[in-house]
Structures are given as structure tokens and as C-alpha cells.
Amino acid sequence: MKDYNHYSLLAHNTFGMDVCADRFVEYESVEELRCFLLSPEAKTGRLLHIGAGSNLLFTGDFPGIILHSALRGIEVIAETDKEIWVRVGAGEVWDDFVAHTVRCGWYGAENLSLIPGEVGASAVQNIGAYGVEAKNLIVQVETVACQTGETRLFQADECGYAYRRSVFKEELKGQYIVTHVTYRLGKQPCFRLDYGNIRSELEKEGGELTLQRLREVIVRIRQEKLPDPAVTGNAGSFFMNPLVPDALFQELKRSYPDLPHYPATSGKVKLPAGWLIDRCGWKGRALGRAGVHPRQALVLVNLGGATGTDILRLAAAIQASVRERFGIELCPEVNYI
């Protein structure tokens, strides 16, 4: 187990905020995690568990203990002729796992290529892209209770998954730490091509459709419209795509016939937040050292030296614009710390 005091978090948040934690603890086994959680310092101090910090916005130094998983490993635990169950350590880099599934010829995760972060976060955030969400793949989630150190296994239907939602993010927030996630993947060809411009990009190239080729196309699409956090600090999509009542969608459609939309559940329609932000004129604009990416309005960026407060100010201004013009409240996908 690694244990540091007054530890810089610059390498642990993709927004590139130069902040520090009072203490940083990285565990390499479930037993190390359990022992730490039962220690006196864990009981009395403020704890925050992070992954790669790709969905966090630090607004200042963290007065407490940051926990980070170094649990690794990708293990096949069951399979049939059609499916395979894979158990993965929460500290594995998500895109490394996706690349592994593609190399092995396992179908299901390829549309989630190049999403930043670690495997544990996939189960907390219910990450999603191009018509696929983590909940479509997750079978079970192994956790440790923060208060007792006891292990608990959550089946997928106990996780409360919905769009960018889980019990770990809401009802049970801060109560459990994810240690391993088991995914169900396919062994027979099954592609999801009808979201965004995947199919058109594939048709431009022609040739045989394979897992590797689909992954390459998705990676290229993401790289063309999303900034590399190693170059420009960002947390990917800053806001969630709003789910609005069908009646509001029909009203907006009359004023904006080109309004993109996607079906959702319970009489709601999902609208792309990036389109709404773009229509409010924010794409490529900046407030001080915080800006909106010129190719993707859903991404807020650190233009160099921005503070968390700078990003918050920009986010609030964007929310106000969208609220005034469309009557829609944008909710951040990024967690403010």
C-alpha cells in the first residue's frame, strides 16, 4: 500500500487542477482496503475515493484522505458458446480493458472505446457512448462497505442503473467502494452502428466490418471532436443530455425543426446538451481561463491556469443561457469536489 502526505493531485484529475490532498492512499488488495477502512484515521477523517479523476472538478485543496485502487486483473470466470463472463479489477484502465475485449473477439464494449477513467467508475457512473451503456454489460459488482469493511456483492438489478445513474452515485453514495466488476460479453458478431455517425464513417471506408475496425472508427470519431486531456484539461462531457417530457420536445421541435433527439423511457425524449449549448452561442467561447471547446460544445476546457471556480462560473453561465432560451435545466455530469 502506498501512503503519502500533502500529495499533489495534478496527475489524478483530467481537468489539470493543481491541488493537493492532505493524504493519498493507494491499496493493492481488498484486504489492504478493508484494513485501512477499519483504521482510526479512516474513521475520523474525510474520505474520497477516486479513479482516474476524469469526472471530477476540484475547486481547491482536499482536506482529507484520497483513496485510489490499484486492483488489477482481467479474468474469465464463465462462458458458453454464445457469451463470456469477465471479472475485472476496479483499478484497470477502462480503455485498456476495451482494447483487450476487442483483441479477444468479445463483443459488447467496443462502442465505449476511448472513454477515460477506470473500470470501477464504469459501475458507478454507468458510462455510455454511441448507444451502449455499462449497464448493458454489467452482471455484478463487488464492493467493500466503508463503515464496516465487509464485502458485498451487488447483482446488476440491485445497482439502480439508469442514464448516468447508479445507487453508488446516489442512494448509497460514499457507502461502498467498488473492487471488481463482472461483465457479460458476446462471442458472436453483434454490432451497434446506428448511433451518431458510426455507420456513415464505416461506409466511407468500405471493407469488412470487424471489431477492431469498429473500435478504430469510434476512437477516431472521439479524437476528432474531443480534446486530449493530456494537452488540454477537460473532463469530457461536462453536462448530461437532458431527458425532457415529450410535450416540451414537441413544442421545441416546432421552433427548431432540426433539433436532434433520441427516444427515452417513461414518455421522455433525450436531447443532446451539446446542441443546446451550441445554439446558445457558447461553442468556442471563453470566460477568462475557462472555455468551451470549439469542436464540441459539451466539453468545457482549462485553457491554462484555470481554477475550479473559473470552470464553475462558466458552467453556471451556460446553464443560465440554456434555461432562458429552451426552458431546460442542464445537470452537470462532472462531480464538484
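The values are calculated or read from the model by the stated rules, or taken from the named source; none is laboratory data. All of these numbers come straight from a predicted model, not from anything done at the bench. Methodologically, a virtual Cβ is constructed for each residue, glycine included, from the backbone with ideal geometry; neighbour enumeration extends over all protein chains shown. Please note that ligands, DNA and RNA were not included when accessible areas were found on the heavy atoms of the full protein model with its side chains. Shrake-Rupley method; radii C 1.70, N 1.55, O 1.52, S 1.80 Å.
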Between the stretch 128-177 and the stretch 204-255, what is the C-alpha centre distance in whole Å?
-> 24 Å
P(r) of the stretch 42-110 in 5 Å steps, Cα pairs, percent per bin?
-> 3, 13, 19, 18, 14, 11, 9, 7, 5, 2, 0
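Are there trypsin sites (Lys or Arg not before Pro) in the stretch 127-177 that DSSP puts in a loop and that have at most 13 other Cβ atoms within 10 Å, and which ones?
Of the trypsin sites (Lys or Arg not before Pro), the ones in loops of the stretch 127-177 whose Cβ has at most 13 other Cβ atoms within 10 Å are Lys173.
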The stretch 22-69, dipole about Cα centre (Lys/Arg Cβ +1, Asp/Glu Cβ -1), debye to the nearest 20 | 200 debye
Asn335's amide H: which non-local residues (gap 5+, or another chain) put their own amide H closer than 5 Å, with H modeled 1.01 Å from N in plane and none for Pro or chain starts?
-> Leu56, Leu57
If a/c stays under 1.5 just call it rounded; otherwise compare a/b with b/c (prolate if a/b is bigger, oblate if not). Do that for the stretch 258-315, with a ≥ b ≥ c from the square roots of the Cα gyration tensor eigenvalues.
-> prolate
For the chain: lysine pairs under 24 Å (alpha-carbon distance), excluding those fewer than 8 apart on one chain | 19
Residue-wise, which Karplus ³J(HN,Hα) couplings in Hz belong to the stretch 6-11, taking 6.51 cos²θ - 1.76 cosθ + 1.60, θ = phi - 60°, and x for glycine or proline?
-> 6, 9, 6, 9, 4, 8
Taking only the alpha carbons of the stretch 238-337, the radius of gyration and the largest Cα-Cα distance, Dmax, both in angstrom, are 14.0, 43
Using alpha-carbon pairs under 8 Å, 6+ residues apart, how would you state the relative contact order of the chain in percent?
-> 16 percent
Quick calc of log₁₀ I(q)/I(0), the stretch 284-337, Debye, one scatterer on every Cα, no solvent, q values 0.22, 0.24, 0.27, 0.30 1/Å, result -0.85, -0.99, -1.17, -1.29
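Run the numbers on the stretch 244-295 and let me know its relative contact order in percent, using alpha-carbon pairs under 8 Å that are six or more apart.
Details: 44 pairs, mean separation 12.6, N = 52.
With pairs under 8 Å counted, the relative contact order is 24 percent.
How large is the helix-only mean residue ellipticity at 222 nm for the chain, computed as the sum of -39500 (n - 2.57) over DSSP H runs with n ≥ 4, divided by its residue count, in deg cm²/dmol to the nearest 500? Mind dumping the intermediate values first?
Details: 9 runs with 90 residues, N = 337.
The helix-only estimate for the chain comes to -8000 deg cm²/dmol at 222 nm.
What do you reckon, how do Glu110, Glu201, Glu79 stack up by accessible area (1.4 Å probe), largest on top?
Working: Glu110 0, Glu201 25, Glu79 105 Å².
Result, largest first: Glu79, Glu201, Glu110.
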